[in-house]
Amino acid sequence: MRNSKKIDVVIVGGGPAGLSAALVLGRARKNVIVIDEGRPRNAVTGEAHGFLTRDGVSPGEFRRVAKEQIEAYPSVSFLADTAVSITGSDGHFQIATAQGSSIESKKVLLAVGMKDRPLDIPGLAEVYGESAFVCPYCDGWELRDQPLVIINKGAELMHFAPLISGWTDRFTICTNGPDELSDTEREVLRRKVQLYESPIHHIDSEDGIVREVVLEDGTVIPCRGIFFKPDLVMGSALPRDIGCEIAETGNVVVDILGKTSVPGVYSAGDMASRVYQSIVAASNGSVAAAAVNNELNAEAWGEMNEHI
Ligand SMILES: Cc1cc2nc3c(=O)[nH]c(=O)nc-3n(C[C@H](O)[C@H](O)[C@H](O)COP(=O)(O)OP(=O)(O)OC[C@H]3O[C@@H](n4cnc5c(N)ncnc54)[C@H](O)[C@@H]3O)c2cc1C
């Protein structure tokens, strides 16, 4: 498919960030195509929490309602496909997809999210999203007061241990191998909780519910839930391919309006933030959409003046 009409904005990614941007731009009467391959990071979980008015909604239902509402705005359309390359420059981008579409667009908004590298602890994939999670703001309430295992290490562990204690004081820490903790840090943690540094051998579970974490030294830790530090990469290589500046954290560098270092390219959601929550992704999707819209309107206004 080749789109004859130049689109105002191609949004790559149809999670909370991309969908929120599509809603704002549809209401601003911009021609928009949302390209989404439909593999959101939270697909493993049955319920998403903490999104005002949508607490406990399934990720699938969240998307369904969002799309239904966005489809009321006729200038927005959806393409179930993967964007594989973006060429050109501000005002004249060409976006190619895996299924052979080629779309011309004035601006691009990247909202491709982050994704997990394969989980390397045997048994973890079986419980991920059921009783093993990554963010206590998302799933801590459901595991409150339960015996938990925290799989984390280093500086982040020193932050995470006090954080998780707000939901339960019945937790054990596994660093899954020798940690770079200082003696003082180790001492601080051991005063409050059990700390194991042996590598994890496997996780035992039944129907997605973790029963125990088994360490290589033979220690068995019974528990009802796990919080672990995920190993994340950007949801797509596109931001890097088109030259967006990438931070040390692996996220795209944006200004407060969602502008990347590449003119005409905006970014929002997990890929452009360090706060991985749907409502935050939706919020900065909305901000970036308004910024793109302002830029498009200002450019069109300027062109009109040139012709007077
Ligand atoms: C287990 C788990 C539980 C979570 N629970 C909660 C919760 O309870 N509450 C909460 O607020 N947050 C939760 N989160 C975090 C939440 O999922 C993210 O913050 C949110 O999904 C980020 O939205 P996004 O739009 O940036 O990215 P995503 O939702 O990941 O969407 C990105 C989309 O872009 C698509 N995409 C990527 N590359 C391309 C491409 N080249 N072409 C086309 N499409 C592409 C992907 O397939 C995907 O559909 C959870 C996360 C996990 C992992």
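The values are calculated or read from the model by the stated rules, or taken from the named source; none is laboratory data. Here the structure is a predicted model, which is why all the values come from computation and not from measurement. Quick reminder, even Gly has a Cβ in these numbers, built from the backbone with ideal geometry, and neighbours come from all protein chains shown.
Output the residue which, of all residues in the stretch 100-136 that are assigned to a loop (DSSP other than H, G, I, E, B) and more than 21 Å from the chain's Cα centre (by Cα), is farthest from residue 23 (Cα to Cα). Please lay out each step first, then the result.
Step one: list which residues in the stretch 100-136 are assigned to a loop (DSSP other than H, G, I, E, B), which gives 100-101, 111-113, 117-123, 129-131, 134-135.
Add one more test, that the residue is more than 21 Å from the chain's Cα centre (by Cα), and what stays is 100-101, 121-123.
Numbers: 100: 26, 101: 23, 121: 40, 122: 41, 123: 40 Å.
Checking each candidate, the answer is 122.
For the stretch 50-67, indicate whether the set of residues that are within 8 Å of the ligand (Cβ to nearest atom), assigned to a loop (DSSP other than H, G, I, E, B) and in the same structural domain as residue 235 (by TED's automatic domain parsing) is non-empty.
Yes.
Please go through the stretch 291-308 and give me each residue that is part of a helix (DSSP H, G or I) and out of contact with any Gly (no Cβ under 9 Å at 6 or more places or on another chain), ordered by number.
293, 294, 296, 297, 298, 300, 301, 302, 303, 304, 305, 306
Check residue 239 against each of (1) within 11 Å of the ligand (Cβ to nearest atom); (2) surrounded by fewer than 20 Cβ atoms within 10 Å (Cβ to Cβ); (3) in contact (Cβ under 8 Å) with a residue 40 or more places away in the chain; (4) not aromatic (Phe, Trp, Tyr) and name the one condition it does not meet.
With respect to (1) within 11 Å of the ligand (Cβ to nearest atom); (2) surrounded by fewer than 20 Cβ atoms within 10 Å (Cβ to Cβ); (3) in contact (Cβ under 8 Å) with a residue 40 or more places away in the chain; (4) not aromatic (Phe, Trp, Tyr), residue 239 is out only on (2).
Return only the number of the condition from (1) within 17 Å of the chain's Cα centre (by Cα); (2) modelled with pLDDT of 95 or more; (3) surrounded by fewer than 19 Cβ atoms within 10 Å (Cβ to Cβ) that residue 249 does not satisfy.
Status for residue 249: all satisfied but (2).
Could we say that residue 142 is near the ligand (Cβ under 10 Å from one of its atoms) and among the acidic types (Asp, Glu) here?
Here the answer is yes, as residue 142 does meet what is asked.
When you look at residue 39, is it on the phi < 0 side of the Ramachandran plot, surrounded by fewer than 18 Cβ atoms within 10 Å (Cβ to Cβ) and near the ligand (Cβ under 9 Å from one of its atoms), yes or no?
Criteria met by residue 39.
Is the stretch 50-61 home to any residue that is modelled with pLDDT of 95 or more and crowded, with 21+ Cβ neighbours inside 10 Å?
No, because not a single residue in the stretch 50-61 is modelled with pLDDT of 95 or more and crowded, with 21+ Cβ neighbours inside 10 Å.
Suppose we filter the stretch 164-182 for residues that are outside any loop (DSSP other than H, G, I, E, B) and within 16 Å of the ligand (Cβ to nearest atom); how many remain?
Residues that pass the stated criteria total 1.
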